[in-house]
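Okay, structure first, notes after.
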Amino acid sequence: MSMLHSLKFSLFHLIGLFTAAVMLAGGTWIAAGFLGLIAFYVLGDALGGDDLSTPHHAHPGLLTLQLWLALPLLSLIMLCALWSVSPGDPLGIGARLGRLTGHDLLAAKAATTGAQHLAAFAMTGLAIGMIGTIPGHELIHRMKDPASMLIGRWLLAFSFDTNFSIEHVHGHHRYVSTEQDPATAPRGRSVYAHILISTWRGHRSAWQLECAHLERNGRTRWSLHNKVFTGAAMSGLLLLGAWLLGGLQALGFFIACGLWGKALLEIVNYMEHYGLVRAERSPVQPRHSWNTTRRLSSWTLFNLTRHSHHHAQGFIPYQDLRPYPEAPMMISGYLSTIGLTLIPPLWHHLMTPRLLDWDRRHATDEERRLAAAANRRSGLPALQASGAG
């Protein structure tokens, strides 16, 4: 049973291989694959119920390997996606696989329409966010494991966000649900504003944290030891590879997909902490993150869903996170909730009652005062009328 519980996380890799395959298949396969993936998550979370299990895993090395495999998997997806938008047949991929499979990849590529390329962009950006950022997030918490840290930073380089490895661990986990945290969206903010504000403030925080770290260790901020610079170089190497593979078309496609992947990270930050408050000197508790126990999201996203436990104990490996069903709950699973954030009026309509319930049931007296002030600043009538303070 321990092995079966470990293998359930391999759904993640099957989804990645499916993504690479439809990129190569081209044409209608791309759009159908993207829509099928969305339906798989939305319906899977709606119908699959909740995962409240906390099994013992006898093979933690296998679970770490599953995370490490995200790097070659994401590299494969990007190679296939870049090939699909590049002129000609880079590396002879189409000809070789066409002979092997009997499917005319080059003809399918030539027949791919603009709308289908748009679906490829959406699907590739989703892959960067899911297959890059999520395991990257888990690995950068393993600060005593140099291999995991390096792989995690390479995964984040696909979305031009290796700074996340600095700010998230040393900033976000310290300041979560306070005004000092770039990733915590205040009540009333839209997700579109949050993407821009959190990105700017997050990069600025990472620079400040890294400079302070270097100065404490007797190094100048302009040192080659500065992780901001080395991270930028990592992303630069990936861009160089895209340009060498497919010229300006592949380069532009990579940049667009990487920015979409970064936006997805900020959307996830938004929905994981939206509107929650915490007194700065109080310890981080499970109530300071929105949680979900949806089975499919949990199995395919390395338990990112169990975010309440992750913030209460940030260095617990993903397989040991507990579901905390008593924690404040998201509206649904991850992909469904992402979709709801993109429609701000609907999002605020659904989240206002949840915030008021959080004020009543979860907040301390000091947090109720902070929530009341946040309600007044938000400009949302329902929040102003909450009486939470």
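Here are a few things to note about the model shown:
- For the stretch 125-177, the set of residues classified as among the small types (Gly, Ala, Ser) and open to solvent by 20 Å² or more (accessible area, probe 1.4 Å) consists of Ala147 only.
- Boolean, Ile30 is in contact (Cβ under 8 Å) with a residue 60 or more places away in the chain, closer than 13 Å to Met123 by Cβ, surrounded by fewer than 18 Cβ atoms within 10 Å (Cβ to Cβ) and not charged (D, E, K, R): no
- Long-range neighbours under 7 Å by Cβ, at least six apart or interchain, first residue closer than 21 Å to Met78 by Cβ within the stretch 99-121, second in a loop (DSSP other than H, G, I, E, B) and of a type outside the set (Phe, Trp, Tyr): Leu105/Gly26; Leu106/Asp89; Ala108/Gly26; Ala108/Gly27; Lys109/Gly26; Thr112/Gly26; Thr112/Gly27; Gln116/Gly27
- Once the stretch 328-339 is narrowed to residues that are part of a loop (DSSP other than H, G, I, E, B) and open to solvent by less than 10 Å² (accessible area, probe 1.4 Å), the residue that is nearest to Gly48 (Cα to Cα) is Gly333.
- Applying the criterion of being small (Gly, Ala, Ser), in a helix (DSSP H, G or I) and without any contact (Cβ under 8 Å) to a residue 24 or more places away in the chain to the residues of the stretch 69-93, the residue that is surrounded by the fewest Cβ atoms within 10 Å (Cβ to Cβ) is Gly92.
- Filter result for Gly258 (open to solvent by less than 20 Å² (accessible area, probe 1.4 Å) and on the phi > 0 side of the Ramachandran plot): no
- Restricting attention to the stretch 285-306, the residues that are touching a strand residue (DSSP E or B) at 6+ places or on another chain (Cβ under 9 Å), under 22 Å from Leu62 (Cα atoms) and not in a loop (DSSP other than H, G, I, E, B) add up to 2.
- None of Arg376, Arg368 is surrounded by fewer than 17 Cβ atoms within 10 Å (Cβ to Cβ) and part of a helix (DSSP H, G or I) except Arg376.
The values are calculated or read from the model by the stated rules, or taken from the named source; none is laboratory data. Just so you know, these numbers come straight off a predicted model, no measurement behind them. Note that we place each Cβ from the backbone using ideal geometry, even for glycine, and neighbour counts take in every protein chain shown. Accessible surface is based on the protein model in full, side chains and every heavy atom, while ligands, DNA and RNA are left aside. Shrake-Rupley method; radii C 1.70, N 1.55, O 1.52, S 1.80 Å.
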